Amino acid sequence: GMTLVIATRGIDISVGAVVAISGAVAALMIGGDLKIVDGQAVHISHYPLAVALLGALAAAAACGAWNGLLVARAGLQPIIATLIMMLAGRGAAQLLTGGQIITIYYPPYFVIGNGFFLGVPVAALLALAVWLGMTLLLDRSALGLFIQAIGINPRAARVAGVRARTITICVYAFCGLCAGVAGLIISSNVKSADGNNAGVLMELDAILAVTLGGTALTGGRFSLAGSVLGALIIQTLTYAIYSLGVPPEVNLVVKAVVVFAVMLLQSAEFRRSVAELATR
């Protein structure tokens, strides 16, 4: 989701808050009621599971669409528009959960984050389905070209007949939807919803994965496959730090250094300066 946002010259720093909102909405709609079945207490859901999942995803997509409206219609800078959602969304998640951790007791919901299908984690299959669906859509239609055109020159894209504002809103809504899916996976995995800590600093990992994958922060050039590879690199780096016994706090410093290095490598001026020094 972040890949397409950055491809349109945008940025979304609210994905962590949207993750928390999605998990909170799902937890509230599922609830923790008990029902006696055959003499045994069984946890039941307030709403059918499909309805709860759709409600959580709809809330996440609405948050993303709101970001898109602020950027495309109100003309706000993407970092400012999404900063508003980051703060308001985190507050909304805390209000939904009452500032507490809501425990989920409904076993069917746990399949999303802990289940397996043919030996493959369901969470991995969900991620693969989203990536494959968007890859086919971007490659088999003109949408990928339109997104590139918007990222390179939004004004020229509008003059050429591209519905830049509508596509921008949809891109941000899709980013919110992806964050919603992540929220469902996380809350299902830990069997609870935490409006205070769920998704904290996740936007850093998303942006880092996209930049490591070769997507230009200046817009236009993007790669969904590269973003997947970037995410795998980040997880490998994280697990390597933990396995070496390095304090977890160092993980953030390492990620910051990696982001700094990637930004330098993407700078044409920096590469030119290095080339000039090398020729001396």
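The values are calculated or read from the model by the stated rules, or taken from the named source; none is laboratory data. Nothing here was measured: the structure is a model prediction, and the numbers come from that model. Glycine also receives a Cβ, built like all others from the backbone with ideal geometry; neighbour counts cover every protein chain displayed. Quick note on the areas: whole protein, heavy atoms, side chains included, nothing else; ligands and nucleic acids left out. Shrake-Rupley method; radii C 1.70, N 1.55, O 1.52, S 1.80 Å.
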- If we scan segment 240-250, do we find a residue that is under 24 Å from Thr218 (Cα atoms), out of contact with any Gly (no Cβ under 7 Å at 6 or more places or on another chain) and among the aromatic types (Phe, Trp, Tyr)? no
- Reported set for segment 97-114 where residues are open to solvent by 30 Å² or more (accessible area, probe 1.4 Å), over 12 Å from Lys191 (Cβ atoms) and in contact with a strand residue (DSSP E or B) (Cβ under 8 Å, 6 or more places away or on another chain) is none
- Message: Looking at Leu132, Leu57, Leu128, Leu136 in this structure, which one is in contact (Cβ under 8 Å) with a residue 40 or more places away in the chain and part of a helix (DSSP H, G or I)?
- Response: Leu57
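Filtering segment 213-262 down to residues that are part of a loop (DSSP other than H, G, I, E, B) and of a type in the set (S, T, N, Q), which residue is surrounded by the fewest Cβ atoms within 10 Å (Cβ to Cβ)? Write out each step before concluding.
Pass one, segment 213-262, residues part of a loop (DSSP other than H, G, I, E, B): 213-223, 244-248.
Then drop every residue that is not of a type in the set (S, T, N, Q), which leaves 215, 218, 223.
Values: Thr215: 27, Thr218: 12, Ser223: 17.
Ranking the qualifying residues of segment 213-262, first place goes to Thr218.
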- Residues in segment 202-212: is at least one in a loop (DSSP other than H, G, I, E, B), under 19 Å from Phe174 (Cα atoms) and out of contact with any Pro (no Cβ under 6 Å at 6 or more places or on another chain)? no
- Message: Name the single residue that is least open to solvent (accessible area, probe 1.4 Å) among those in segment 71-96 being more than 19 Å from the chain's Cα centre (by Cα) and aliphatic (A, V, I, L, M).
- Response: Ala72
- Hey, does segment 162-174 have a residue that's among the charged types (D, E, K, R), more than 14 Å from Leu4 (Cα to Cα) and without any contact (Cβ under 8 Å) to a residue 60 or more places away in the chain? yes
- Item | Condition check for Gly199: under 28 Å from Gln94 (Cα atoms) and part of a loop (DSSP other than H, G, I, E, B) | yes
- Query: What is the residue count in segment 36-58 for residues that are closer than 20 Å to Met2 by Cβ and either modelled with pLDDT under 95 or open to solvent by less than 30 Å² (accessible area, probe 1.4 Å) (or both)?
  - Reply: 1
